[in-house]
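Engineer: The structure's right below; bear with me while I get my questions together.
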Amino acid sequence: MISKQDFPAINERPPEGLKPDGTPYKILVVDDSMFVAKQIGQILTSEGYEVVGTAGDGFEGVEKYKEMCPNVDLVTMDITMPKMDGITALEQIIAFDKNAKVVMISALGKEELVKKALLLGAKNYIVKPLDRKKVLERISSVLGK
Amino acid sequence: MRVEYINPFVEAAYNILTEVLGGEVNRGELYLKSTSMPVMGVAALVGLAGDVEGRVIFDMNMATAMKIASKMNNEELASFDDLAKATITELANLITAQAVTKLHDLGFRFDLTPPALFTGENMEISDHDVEALIVPMTTDQGKVEVNVAIRDRM
């Protein structure tokens, strides 16, 4: 019988989305654009991450974080959203859990808001349009990989 | 209308379309329209208000909108549904954000509205007292017209 061991491994690199114990990192995606949320989800799940929740505005994002904590390893947070913007949502998440790992997703031209977010405790940021490599690099660096 | 307002939009449209569609993008000849003009079927409109005021429209026909949305999602979309609409809206956001960053660097200060998406046949748009400059961009998915009508605030 042919077993897996009979084939040479082409890619020894484990998927970035898995913790050392083999379980996936859990991600909450907060974005009002269905397109951007889907794009982030596709990039992350292709590397083994698990998207455990999505929220369409900041208010829903904060609620979901509180509900799911501590079963969320990282949040991606859009800045411009209806009801509650991403900066306010970030503040509320950090007030609830000071160790929360939040990565801001920003359009170009929002440097001041990105700076403010970093001062408020966001761990990193990604400027759109989203590039797969850039997204994965920033997220894995925040998760300390 | 001052031509310096349109160049950032043309450059941004070229950069973003090239980046998200991954193909060749060509810029056509710029033309001017001062009366009401037909729009092609899918139009994303962003309003500007501040030192300057006006609006920018990204205009394309339905077939092109479907092809662009499918390409940006890496899958064939079957209808112009919420995902397709969100995709074209995001395209307008990306182009506008890059153009506005350039205009802000040139010292213009203004705010933007979120994009509004219009779909339908036989639509016309009229801007009173503002001429529109239009730059057609040809992509592998079809033609996208960048239609800019901006004036200094009176």
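The values are calculated or read from the model by the stated rules, or taken from the named source; none is laboratory data. The shown structure was predicted, so the numbers you read here are calculated from the model rather than taken from an experiment. We place every Cβ from the backbone using ideal geometry, glycine too, and count neighbours over all the protein chains shown. Just so you know, the surface numbers come from the protein's heavy atoms only, side chains and all, with ligands and any DNA or RNA stripped out. Shrake-Rupley method; radii C 1.70, N 1.55, O 1.52, S 1.80 Å.
One line per residue, one yes/no per condition, for (1) in a strand (DSSP E or B); (2) more than 16 Å from the chain's Cα centre (by Cα); (3) closer than 29 Å to A:ASP131 by Cα; (4) of a type in the set (S, T, N, Q):
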site: B:ALA49; (1), (2), (3), (4): yes, yes, no, no
site: B:ALA63; (1), (2), (3), (4): no, yes, yes, no
site: B:GLU75; (1), (2), (3), (4): no, yes, yes, no
site: B:ALA78; (1), (2), (3), (4): no, yes, yes, no
site: B:LYS85; (1), (2), (3), (4): no, no, yes, no
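Results for (1) at the interface with chain A (Cβ under 9 Å from one of its Cβ atoms); (2) more than 19 Å from A:LEU113 (Cα to Cα), shown as yes or no for each residue.
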| residue | (1), (2) |
| --- | --- |
| B:PHE110 | no, no |
| B:PRO114 | yes, no |
| B:LEU117 | no, yes |
| B:GLY120 | no, yes |
| B:ASP129 | no, yes |
| B:PRO136 | no, yes |
| B:ILE150 | no, yes |
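Engineer: Quick one: which of A:GLY86, A:GLY56, A:GLY48 is at positive phi and either within 14 Å of another protein chain (Cβ to nearest Cβ) or not basic (Lys, Arg) (or both)? Outline the logic, then answer.
Structural biologist: Values: A:GLY86 fails: at positive phi; A:GLY56 fails: at positive phi.
After ruling out the rest, the residue left standing is A:GLY48.
Engineer: Look through the range B:130-154, keep the residues that are charged (D, E, K, R) and within 15 Å of the chain's Cα centre (by Cα), and return whichever of them is least open to solvent (accessible area, probe 1.4 Å). Steps first, answer last, please.
Structural biologist: Step one: filter the range B:130-154 for residues charged (D, E, K, R), giving B:131, B:140, B:143, B:145, B:151-153.
Right, trim to within 15 Å of the chain's Cα centre (by Cα) and you get B:143, B:145.
Values: B:LYS143: 89, B:GLU145: 18 Å².
My answer is B:GLU145.
Engineer: Ok, one more. Checking the condition open to solvent by 10 Å² or more (accessible area, probe 1.4 Å) and in contact (Cβ under 8 Å) with a residue 40 or more places away in the chain, which residue from B:ASP127, B:ASP81, B:ASP105 passes?
Structural biologist: Residue meeting the stated conditions: B:ASP127.
Engineer: Mind telling me which of the residues A:ILE87, A:ILE79 ends up being over 26 Å from A:GLU16 (Cα atoms), out of contact with any Pro (no Cβ under 9 Å at 6 or more places or on another chain) and touching a residue at least 24 places away in the same chain (Cβ under 8 Å)?
Structural biologist: Every option except A:ILE87 fails the conditions.
Engineer: Can you report the number of residues in the range B:22-40 which are part of a strand (DSSP E or B) and surrounded by fewer than 19 Cβ atoms within 10 Å (Cβ to Cβ)?
Structural biologist: 7
Engineer: Now a separate question. Could you please find all residues in the range B:66-78 being free of Cβ contacts under 8 Å to residues at least 40 places away in the same chain and under 24 Å from B:LEU112 (Cβ atoms)? Walk me through how you get there before you give the answer.
Structural biologist: Of all residues in the range B:66-78, those free of Cβ contacts under 8 Å to residues at least 40 places away in the same chain come to B:66, B:69-70, B:73-78.
Across the range B:66-78, the qualifying residue is only B:ALA69.
Engineer: I would also like to ask the following. Does the range A:63-80 hold any residues that are out of contact with any Ser or Thr (no Cβ under 9 Å at 6 or more places or on another chain) and open to solvent by less than 70 Å² (accessible area, probe 1.4 Å), and which are they? Break it down stepwise before answering.
Structural biologist: Keep residues of the range A:63-80 that are out of contact with any Ser or Thr (no Cβ under 9 Å at 6 or more places or on another chain), which gives A:63, A:65-77.
Scanning the range A:63-80 gives A:TYR65, A:MET68, A:CYS69, A:VAL72, A:ASP73, A:LEU74, A:VAL75, A:THR76, A:MET77.
Engineer: Follow-up. Go through the residues of the range B:96-105 one by one and say whether even a single one is at negative phi and more than 17 Å from the chain's Cα centre (by Cα).
Structural biologist: yes
Engineer: When B:GLY23 is evaluated against the numbered criteria (1) closer than 30 Å to A:GLY41 by Cβ; (2) within 13 Å of chain A (Cβ to nearest Cβ); (3) in contact (Cβ under 8 Å) with a residue 60 or more places away in the chain, which criterion, by number, is the only one it fails?
Structural biologist: Just one mismatch for B:GLY23, condition (2).
Engineer: If we scan the range A:92-107, do we find a residue that is under 22 Å from B:ALA86 (Cα atoms), at pLDDT 95 or above and more than 11 Å from the chain's Cα centre (by Cα)?
Structural biologist: Taking every residue of the range A:92-107 in turn, none turns out to be under 22 Å from B:ALA86 (Cα atoms), at pLDDT 95 or above and more than 11 Å from the chain's Cα centre (by Cα).
Engineer: What number of residues within the range A:89-125 are open to solvent by less than 10 Å² (accessible area, probe 1.4 Å), in contact with an Asp or Glu (Cβ under 6 Å, 6 or more places away or on another chain) and away from chain B (no Cβ under 14 Å)?
Structural biologist: Result for the range A:89-125: 0.
Engineer: Something else: Of the residues A:THR80, A:THR76, which is of a type in the set (S, T, N, Q) and away from every other protein chain (no Cβ under 14 Å)?
Structural biologist: After applying the criteria, what remains is A:THR76.
Engineer: Take the residues in the range B:41-78 that are in contact with a helix residue (DSSP H, G or I) (Cβ under 8 Å, 6 or more places away or on another chain) and open to solvent by 60 Å² or more (accessible area, probe 1.4 Å); name whichever of them is farthest from the other protein chains (Cβ to nearest Cβ).
Structural biologist: The extreme case among them is B:GLU76.
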